[in-house]
1. Would you kindly state how much longer the chain becomes between A:E134 and A:Q24 on full extension, computed as 0.36 nm times their sequence separation minus their alpha carbon distance, in nm to one decimal?
2. Evaluate the Kirkwood expression for the hydrodynamic radius of chain B, namely the inverse of the mean inverse distance over all pairs of different C-alpha atoms, and round to one decimal in Å.
3. Nearest 5 percent is fine: what portion of the DSSP beta bridges confined to the protein assembly as shown is antiparallel?
4. Which distances in nm, rounded to one decimal and ordered from shortest, link the label point of B:G138 to the equivalent label points in the other identical copies, with labels set 7 Å from Cα toward Cβ?
5. I want the local charge near A:A218. Using Cβ-Cβ distances under 14 Å, sum +1 for each Lys or Arg and -1 for each Asp or Glu among the other residues.
6. A 18 angstrom limit on the alpha carbon distance is what I want to check against. Which of B:K108/B:K220; A:K31/B:K96; A:K162/B:K220; A:K96/A:K193; B:K108/B:K193; A:K162/A:K220 exceed it?
7. Which whole-number percent of Cα pairs in region A:1-102 have a distance greater than 24 Å?
8. Select from B:P189, B:V97, B:L129 the residue farthest towards the positive end of the dipole of region B:94-247; place +1 on Cβ of Lys and Arg, -1 on Cβ of Asp and Glu, and compute about the Cα centre.
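The values are calculated or read from the model by the stated rules, or taken from the named source; none is laboratory data. It should be emphasised that the depicted structure is a prediction, and the values quoted were computed from it without experimental measurement. Ideal geometry is used to build each Cβ from the backbone, glycine not excepted, and the neighbour counts take in all protein chains shown. Surface accessibility is based on the protein's heavy atoms, side chains included, excluding ligands, DNA and RNA. Shrake-Rupley method; radii C 1.70, N 1.55, O 1.52, S 1.80 Å.
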There are 2 protein chains.
Amino acid sequence: MGLERRQIHVAYAYQRIAEEIESQILEGTLKPGEQLPGETEMAEMFGVTRSTVREGLRRLESEGLVCRPTPRRMVVAIPRIDRLSTRSGRTMALMKVTYRELWQVTLKTEMLAARLAAEMAQDDEIAVLKSLHEDLSGAEGNASRTIELDGRFHSQVARIGKNRVLGLAREPVAHLLFRGFAQVAPFVPQFYKRQIEAHSNVVCAIEARDPIRAETWARKHIEDFWRAVQIAGLEDEAAVNNVKALS
Amino acid sequence: MGLERRQIHVAYAYQRIAEEIESQILEGTLKPGEQLPGETEMAEMFGVTRSTVREGLRRLESEGLVCRPTPRRMVVAIPRIDRLSTRSGRTMALMKVTYRELWQVTLKTEMLAARLAAEMAQDDEIAVLKSLHEDLSGAEGNASRTIELDGRFHSQVARIGKNRVLGLAREPVAHLLFRGFAQVAPFVPQFYKRQIEAHSNVVCAIEARDPIRAETWARKHIEDFWRAVQIAGLEDEAAVNNVKALS
DNA sequence: CAGTGTGTGAATGTCCGACACTAATTCAGT
DNA sequence: ACTGAATTAGTGTCGGACATTCACACACTG
């Protein structure tokens, strides 16, 4: 076995500051929305310089544990999923994951999302979905607008299912996969119509509270996308070439 | 419509520094593994003080875009999935997601993982899996060790499937769900045996390159866990009470 | 009294300069 | 050539400083 290379935290002051505040947030001593003391005060509190406190705060800030509506007010953040999704999206992009990998996962998540949506849907949520669907229908032929609206459509389906874990897990994956539509679209112009049709059926199934049908159409829809990817010959291509545009 | 609340970046120097370096990494100008210049040099380069550069660096560091093997060497990081998983795990914990939500997703991810593993398995990977399984068999009755080994078993299954996206998506979810075993175990002592049996079958199916059977046993296994959660009466309980122990 | 201006104070963003400590590098010794 | 010591340069932390600007309180107007 040999000696394991275990991380030794030399525990720099700025790290300890960050960890201390972090653990107070996670424990609940500091509640979301609560305001933190000023930098000077904290510096005094922890017995370090303001510069050091600042370095620690930068970390918390970037980890999304605190946020500042204005530079003057620093408050404990309310956790949001979309913050995270950009980050894992970026990781996947840097890993140069393939369409195949993205698709295998997306197929499952979108099927689940559709099923749950059909089980949990409320009327107002369906209304939102329909409105999105109409917008999308009007965007036929426009790739970038289609990507935008398609993403929102699928997100809304997931939201209707009221499973936050699914929302968290699927968002970056689906986002990355569907972005690829821009690469695929030129090869399969007929996909626009098929997509609209599939979405229609998903909406109907959700409205009819028919989980099985919703799941089935979601599957068809995502499988269809895979076929398009195959036609474009991109199965094992990296899904994102220019990470930059992820935003 | 009213006035949209649009973010105005006042663009503090430290933010701009971070963004600049970040975009150079994402563009590929800076390649993973490459070493960054010293703080002093960067300060000069960007025309700001070292303190300012440092604040920016803290952010990159915490975002996992750069890492430092030693304080002296700061290099562009190679993206890793386990870095991210703690973060989304923490988010889910703060959201107080329920066992139900976790389970619904985990059921799908682990089924997919098992299937892909059976399709992709190589002999040496199976050997690792078997060894983990043996260790787990020996841990019967020990909840915390079971959680540890069970987590590693499932991760290994996922790794064998060679889908990095799935690995990324499932890790924090499965981790959080299986951690709950500690809460569940006292109610269902028989679960240890059932788990070992299920794992055995998964291993067999993977070794036999039988995707269907692997998926089936994964499903049984995770459904079994759900029954245990139900017996413990935790379906809609928050999966984690003390976020602290997440590490 | 609600809503809008004004003013003061305090906190932030950034800078400068300094020092201990340690890791990377160089160089001497066998 | 390899080991070990000496050098050097870079990091972690410190203290202080200043302009800017945001938060709060207060006065003003309708």
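1. Working: separation 110, 0.36 × 110 = 39.60 nm, distance 4.65 nm.
Separation in residues times 0.36 nm, less the Cα-Cα distance, equals 35.0 nm.
2. Working: mean 1/r = 0.0486 Å⁻¹.
Computed over chain B, the radius equals 20.6 Å.
3. Values: 10 of 10 bridges.
The antiparallel proportion sits near 100 percent.
4. Reported distances to equivalent positions: 6.7 nm.
5. Working: positive: A:K108, A:R115, A:R170, A:R194, A:R213, A:R219, A:K220, B:K108; negative: A:E110, A:E119, A:D150, A:E197, A:D210, A:E215, A:E223, A:D224.
Value of the local net charge: 0.
6. Numbers: B:K108/B:K220 12 Å; A:K31/B:K96 14 Å; A:K162/B:K220 24 Å; A:K96/A:K193 30 Å; B:K108/B:K193 23 Å; A:K162/A:K220 23 Å.
In this structure, A:K162/B:K220; A:K96/A:K193; B:K108/B:K193; A:K162/A:K220 exceed 18 Å between Cα atoms.
7. Details: 2014 of 5151 pairs.
Taking all Cα-Cα pairs of region A:1-102, the fraction more than 24 Å apart is 39 percent.
8. B:V97
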